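The structure under discussion appears below in the form of structure tokens.
A short reminder: the numbers here are calculations on the coordinates, not readings from a lab. Because the structure is a prediction, the values reported are computed rather than measured. FYI the Cβ positions are ideal-geometry reconstructions off the backbone, even for glycines, and counts take in every protein chain you see.
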Amino acid sequence: MLSERIGALLRDARKELKLSRAEVAGRGGVSTRLVAELERGQRPNVSLESALKLLNVVGVSVVARAPSGATAEIRNPSAYRFERAARAERRRQTWTGRYIHLHDEGDDPWPGRSKAKRLRAVSQVSRQAYLIASANRAHRDHQANHK
């Protein structure tokens, strides 16, 4: 059921933000009972409006996709701030204090590379970035032409 998945998203985001059910309910303008039942999967019928209000409170954005490929993102302006804070927290938790450098050969983290090899590597990355950007631009143009 859709409400079970929405409830799981709501619960995980709420706990990540260290908010109580009452705080989320108050900010979303719904009852604490609705939040609790939705999180437990005991509320099979919840209005789209209520679900979106609650998800916005905890910074969860929703992407709606039409069969034609058109998309619309339903997002509270503060959601970006929440997402950025969550990414920063994950980075802090996983940071080991070591820098890892990618190179062609050997196990030495600081291989001696000639200037020519470094320039060739930068050129290859630039070429790949250009190809990716071109593909994205072509995809956007294609979508715009078929709307």
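Give the relative contact order (percent, whole number) for the chain; include only Cα pairs under 8 Å separated by 6+ residues. Please report the intermediate quantities before stating the final value.
Details: 110 pairs, mean separation 24.3, N = 147.
This gives 17 percent for the chain.
How much length, in nm to one decimal, is gained on full extension between E73 and H146, taken as 0.36 nm per residue of separation minus their Cα-Cα distance? Could the numbers behind the result be given before it?
Values: separation 73, 0.36 × 73 = 26.28 nm, distance 1.94 nm.
Taking 0.36 nm per residue and subtracting the Cα distance, the gain is 24.3 nm.
To the nearest 20 Debye, how big is the dipole of the chain about its Cα centre, given +1 on the beta carbon of each Lys and Arg and -1 on that of each Asp and Glu? It would help to have the intermediate numbers written out before the result.
Details: 29 positive and 15 negative charges, 78 e Å.
In debye, rounded to 20, the chain gives about 380.
Do the sum for the chain: with -39,500 (n - 2.57) for every DSSP H run of n ≥ 4, divided by all residues, what is the mean residue ellipticity at 222 nm, to the nearest 500 deg cm²/dmol? Write out the running numbers ahead of the final one.
Working: 6 runs with 89 residues, N = 147.
The per-residue figure over the chain is -20000 deg cm²/dmol.
Averaging the inverse of every distinct alpha carbon separation and then flipping it gives the Kirkwood radius. What is it for the chain, in angstrom units?
Working: mean 1/r = 0.0512 Å⁻¹.
With all distinct Cα pairs of the chain included, I get 19.5 Å.
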